[in-house]
Each structure stands twice: as structure tokens, then as C-alpha cells.
Amino acid sequence: MALLTNKSNKFSASRRRWWGFLIGVLVVYAALYFSHAAAISGMSMREMDWNNDGKVDFHEFAQSFYAVAANAKTDGGRTCTTYAWHGGEAIKVECKTEFGKK
């Protein structure tokens, strides 16, 4: 208990909170990255219309963090990103072609 009240600590309480927050954000980002979350795939929010009703609400935006995966595959200059539910059913496929790339 003496360690918690020692005034000779290198970091102040506010600095420890800041580092804790920063590490927490990095852990969340790493979890989103390894789960291939669509929210961090570079897709704009207005394209996150998963039920094709023509509008994006908060629920669909939230689904891009926990329910929709984005898997990108590159073949030469063509890159296709498949957006699918984590269960496997594809929602949409977006392909981009860059000329002059091998």
C-alpha cells in the first residue's frame, strides 16, 4: 500500500490516466484490426448501408465495428474488398483498379 501513496513516483496520477487511456485505445484498435472490422477499412460512413434502405443510421454504423468484416484481396492492379457479416454472408463487394501497377 505504501507504493500507492509514495510521492516519489515518476508519473503523476493524471499522466498514468493518460497513458492508460492511450494504451486502451491502442488495444481496441488492434482488436478491430485483427477482426477485420469494416469501420477501419477506409469506407466512408455514407456507404455503410448494410440493409440497402438508402440511409445510414447509427445502428448500421455501429454494426461496422462489431458485425461486418472487410476482407481485401489484391490481384495485380485490381483490389477487391468484400464486406460480409462475421457469419460469412457477403453484403457487398467493392473493386478498384489502378493502372500502371503490377
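The values are calculated or read from the model by the stated rules, or taken from the named source; none is laboratory data. Just so it is clear, the structure is predicted and the values come from calculations on it, not from any experiment. Here Cβ is always computed from backbone atoms with ideal geometry, including for glycine, and neighbour counts include all displayed protein chains.
Close Cβ contacts (under 9 Å, 6 or more residues apart or on different chains) running from residues in the stretch 33-54 that are under 15 Å from THR82 (Cα atoms) to residues that are acidic (Asp, Glu) and part of a strand (DSSP E or B) comprise MET43/GLU94; GLU47/GLU94.
Restricted to the stretch 55-102, and to residues that are aromatic (Phe, Trp, Tyr) and within 20 Å of the chain's Cα centre (by Cα), which residue is farthest from LEU32 (Cα to Cα)? The extreme case among them is PHE58. None of THR74, THR81 is touching a strand residue (DSSP E or B) at 6+ places or on another chain (Cβ under 7 Å) and surrounded by 10 or more Cβ atoms within 10 Å (Cβ to Cβ) except THR81.
The residue of the stretch 19-60 that is farthest from GLU94 (Cα to Cα), among those that are loosely packed, with under 14 Cβ neighbours inside 10 Å and of a type in the set (Phe, Trp, Tyr), is TRP19. There is at least one residue in the stretch 85-102 that is touching a Cys at 6+ places or on another chain (Cβ under 8 Å), in contact (Cβ under 8 Å) with a residue 12 or more places away in the chain and surrounded by 14 or more Cβ atoms within 10 Å (Cβ to Cβ). Restricting the stretch 1-60 to residues that are touching a Phe, Trp or Tyr at 6+ places or on another chain (Cβ under 9 Å) and assigned to a loop (DSSP other than H, G, I, E, B), the residue that is modelled with the lowest pLDDT is PHE11.
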